[in-house]
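As structure tokens, the structure follows; a few thoughts come after it.
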Amino acid sequence: MNLDTDLLRELSDLFVSDLRASQYYNQLSSDERASLEHRLAKDAARGSRPLLPGALPEDIELTEQVAQDELGIQLPNELCEIFAEVDGFSENGVSLYGAEQDLPDQQAYGPTLVAENLSLWSLLPETAEKYLFIGDSDLWYFGFALETKQYVVLSRSSLDRVHSFGSVAEMVNDMLKQALRIDLDGDTESTPVPNNAADR
């Protein structure tokens, strides 16, 4: 399964709409606003999604190296492929962690995979080296169970498994639907985990 490009386009359009309605945008000079609009139009003309880019190959390589060095984990190839499509996002309480970036002063544009896992493993030691967290929401943690190699959703309050997915793309598509507040009722792509199968 691949990422749903319609959902990615819709999220990109939402980001652009939010930008244009922001105080930041309204305070730009007419030249700065024209320059920004030119960049957005150029991105769209190239077929990329404005304000929702994929990670650069060197950032994906850096993420793989830092994950190995700091977490002791080899990232699943399909997760690296997701980074090439979308380098994380945060919308409506749903976050997909992005690739690490080699930026000055250790700044990043959003939550990054390795930094978030180091933080969560420290806060929730029972998850350390058990899950690679890929994202979160107000109610859920989205992760990769390292032992079973399954993409799972954990309850944020209990850490019980509540869903599993056949692929990371299926999980990210679900996250995109949640971020866009698309009704998930009747969605049969994700598999609920039976109560007796929830193991932490």
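Does region 177-198 contain any residue that is modelled with pLDDT of 95 or more, within 22 Å of GLY88 (Cβ to Cβ) and assigned to a strand (DSSP E or B)? So far as region 177-198 goes, no, none of its residues is modelled with pLDDT of 95 or more, within 22 Å of GLY88 (Cβ to Cβ) and assigned to a strand (DSSP E or B). Looking across LEU40, LEU52, one residue alone is over 20 Å from ASP102 (Cβ atoms), more than 21 Å from the chain's Cα centre (by Cα) and surrounded by 15 or more Cβ atoms within 10 Å (Cβ to Cβ). It is LEU40. Which residue is farthest from HIS163 (Cα to Cα), if the candidates are limited to region 124-150 and must be touching a residue at least 24 places away in the same chain (Cβ under 8 Å) and assigned to a helix (DSSP H, G or I)? Here the residue is GLU126.
Could you tell me whether region 112-119 includes any residue that is in contact with a strand residue (DSSP E or B) (Cβ under 6 Å, 6 or more places away or on another chain), among the small types (Gly, Ala, Ser) and surrounded by 15 or more Cβ atoms within 10 Å (Cβ to Cβ)? There is no residue in region 112-119 that is in contact with a strand residue (DSSP E or B) (Cβ under 6 Å, 6 or more places away or on another chain), among the small types (Gly, Ala, Ser) and surrounded by 15 or more Cβ atoms within 10 Å (Cβ to Cβ).
The criterion of being in contact with a Gly (Cβ under 6 Å, 6 or more places away or on another chain), closer than 21 Å to SER164 by Cα and modelled with pLDDT of 95 or more holds for LEU96.
Residues that are crowded, with 18+ Cβ neighbours inside 10 Å and under 27 Å from GLY47 (Cα atoms) within region 65-79 comprise just one, LEU79.
Would you confirm, using the coordinates I've provided, whether TRP121 is of a type in the set (Phe, Trp, Tyr), more than 24 Å from ALA179 (Cβ to Cβ) and at pLDDT 95 or above? So TRP121 passes the test.
Tell me, which helices (runs of 4 or more DSSP H) wholly within region 17-123 include 1 or more residues that are touching a Cys at 6+ places or on another chain (Cβ under 8 Å) and under 16 Å from ILE134 (Cα atoms)? In region 17-123, 57-66 are the helices (runs of 4 or more DSSP H) which contain 1 or more residues that are touching a Cys at 6+ places or on another chain (Cβ under 8 Å) and under 16 Å from ILE134 (Cα atoms).
The values are calculated or read from the model by the stated rules, or taken from the named source; none is laboratory data. Values in this document were obtained by computation on a predicted structure and should not be read as measured data. Neighbour counts are summed over all protein chains in view; Cβ atoms, including those assigned to glycine, are modelled from backbone coordinates with ideal geometry.
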